[in-house]
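Participant: Quick one: the structure is below, and I'll ask about it shortly.
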Amino acid sequence: MQKKKNSRLVAAEIISQWLEDQSFPDRALAQVQHDHAFVLELVNGVVRNRLILQWLENKWLKNEPQPFFKAVLWVGLYQMLFMDNVEEYAAINETVNAAKGRPNGDGVAKMINAVLRRAQREKVGTLENLTRQPAYIRLSHPKFLMDRWTKQYGEADTLELAEWNNAPPATILRIEQSAIDAAEFIDKLREDDIEPLMHPYSDKEIFLILPRGVAVRKVPGYEEGWFTIQDPATSVSVDLLAPRPGEAVLDARAAPGGKTAMMAGRMKGRGELVAMDLHDDRLDVLKENQKRLKLDWIELAQGDARHPETSLGERKFDAILLDVPCLNTGVLKRRADARWRVDAERIASITKTQNEILDACARLLKDKGRIVYSTCSLEAEENEDLVSKWIARHPDFRLVKTSKAFPPDSGTDGAFAALLRRK
């Protein structure tokens, strides 16, 4: 029987890899078999609190550790300062053991042991000292990002947004009302001792907040396709597009398929709905959700939204949903690592890609057709500014309407959508 691996070591290895190459931690986390929830909390907690942990490291160490040992130290510090449900003895002992077995591991393990015991002794004073640090440190967001938001949204909203991003994300279900009546679904949940909370954003779609600790695959109706895991902010773009029965509609970057399913419900199974995505793994997710939700009438296509004609030929559409790649600054609660990848160079790169995709997909519209440009970003360069400049370069289009969700106000992920119509 294979020996169970030290969970702190597993978390440290994932964090170490992230520190070295900025690889997405969620891909490594998906491979974790043992103590998944615990490892998930450790990794996401360390990633989210990176600046706080760096601040502590700078205070208490003279020399910067190598990435693996830095990761082990941060795993330990996060447990000591922010995880009240972990026994301090176990946290220290198992974290120190995680450092051993590597070259120079025994010596570094003694240093980590000393730092963690100091954190144990000085926890109250350390946390009080943290409250006196600049906002970007105590809320662990890049100063670059905090300064941008302050200019755009003001100091009060910026602080509220950063606090929102640091709170644990909720799991939210959208009821597939074409598959089951909402009241009946809620009754089924209660029969299973699951008491959902209605999300206040519910309108045309009904969203429920799932209690913490409930496994999604154990929720009644998972196999039957009674619901999707979906934040209410996803409805912002679908509401603007307003797909109708009988239309030809394209979801140009469709995976994982929640918005596709929402549009399918509004089209009532009549018309053409094409869900396109580029990568095999994302198409696999689309296929899985298509099967689970019993949406066989939807057409799946593999294609690049920058060159959609390669896959779709000369087909034209009444309506196109264009959910472009973005900086993800509206979903930092769910994607804690994304906050550390925002800089001026990346903004320039991503907006270039966004313009290329919008240019390409706009060519697929019929006369008087409409396209919704959508992001999960809060940055003006990706949203209002980009759309304004694009319209100026394309006089055959007009901007009909924009819609935006600002997380602390909406209680949802952040989202922006703009409805553009060909004249």
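The values are calculated or read from the model by the stated rules, or taken from the named source; none is laboratory data. Note that the structure is predicted; figures quoted are calculated from it, not measured. Positions of Cβ are generated from backbone atoms using ideal geometry, with glycine treated the same way; all protein chains shown enter the neighbour counts.
Participant: List, please: which pairs have Cβ atoms under 9 Å, are six or more places apart or on different chains, and start with a residue in the stretch 337-357 that is touching a residue at least 24 places away in the same chain (Cβ under 8 Å) and outside the structural domain of A28 (by TED's automatic domain parsing) and end with one that is aromatic (F, W, Y) and in a loop (DSSP other than H, G, I, E, B)?
Facilitator: D337/F24
Participant: From the residues in the stretch 216-232 that are farther than 18 Å from A264 by Cβ and hydrophobic (A, V, I, L, M, F, W, C), which one is modelled with the highest pLDDT?
Facilitator: By that ranking, first place goes to V219.
Participant: Show me the helices (runs of 4 or more DSSP H) found entirely inside the stretch 326-423 where at least 1 residues are buried (at least 21 other Cβ atoms within 10 Å of the Cβ) and touching a Pro at 6+ places or on another chain (Cβ under 9 Å).
Facilitator: Per the criteria, 344-362.
Participant: Also: From the list V47, V75, which residue is closer than 15 Å to A114 by Cα, among the hydrophobic types (A, V, I, L, M, F, W, C) and at pLDDT 95 or above?
Facilitator: Sole residue among the options that is closer than 15 Å to A114 by Cα, among the hydrophobic types (A, V, I, L, M, F, W, C) and at pLDDT 95 or above: V75.
Participant: Based on what the data block shows, is D318 outside any loop (DSSP other than H, G, I, E, B) and under 30 Å from R50 (Cα atoms)?
Facilitator: No: the conditions fail for D318.
Participant: Within the stretch 83-101, identify whether any single residue is under 19 Å from E20 (Cα atoms) and not assigned by TED's automatic domain parsing to the domain that holds R341, and answer yes or no.
Facilitator: yes
Participant: With over 17 Å from S237 (Cα atoms) and modelled with pLDDT under 95 as the only criterion, which of A360, A348, A336 stands out?
Facilitator: Testing whether each residue is over 17 Å from S237 (Cα atoms) and modelled with pLDDT under 95 leaves just A336.
Participant: Go over the candidates L240, L210, L197 one by one and state the one that is in contact with a strand residue (DSSP E or B) (Cβ under 6 Å, 6 or more places away or on another chain), assigned by TED's automatic domain parsing to the domain that holds R370 and not basic (K, R).
Facilitator: None of the other options fit; the residue is L240.
Participant: Which condition number does V96 fail, the rest of (1) surrounded by fewer than 20 Cβ atoms within 10 Å (Cβ to Cβ); (2) farther than 21 Å from R48 by Cα being met?
Facilitator: Among (1) surrounded by fewer than 20 Cβ atoms within 10 Å (Cβ to Cβ); (2) farther than 21 Å from R48 by Cα, V96 violates only (1).
Participant: Go through E163, E176 for me and flag whichever is among the acidic types (D, E) and buried (at least 16 other Cβ atoms within 10 Å of the Cβ).
Facilitator: Only one candidate passes the filter, namely E176.
Participant: Mind listing whichever residues of the stretch 372-387 are touching a helix residue (DSSP H, G or I) at 6+ places or on another chain (Cβ under 7 Å) and among the β-branched types (V, I, T)?
Facilitator: V372, T375
Participant: Check the stretch 300-310 and report whether any residue there is closer than 30 Å to I180 by Cα and in contact with a Leu (Cβ under 9 Å, 6 or more places away or on another chain).
Facilitator: Within the stretch 300-310, one or more residues are closer than 30 Å to I180 by Cα and in contact with a Leu (Cβ under 9 Å, 6 or more places away or on another chain).
Participant: Something else: Here is a list of conditions, (1) touching a Ser or Thr at 6+ places or on another chain (Cβ under 8 Å); (2) within 23 Å of D157 (Cα to Cα), and A380 meets all of them except one; can you say which number that is?
Facilitator: (1)
Participant: Taking the conditions exactly as written (surrounded by fewer than 18 Cβ atoms within 10 Å (Cβ to Cβ) and assigned to a helix (DSSP H, G or I)), does A90 satisfy them or not?
Facilitator: Taking the combined requirement at face value, the residue satisfies it.
Participant: Output the number of residues of the stretch 28-70 satisfying the condition of being free of Cβ contacts under 8 Å to residues at least 24 places away in the same chain and crowded, with 18+ Cβ neighbours inside 10 Å.
Facilitator: 2
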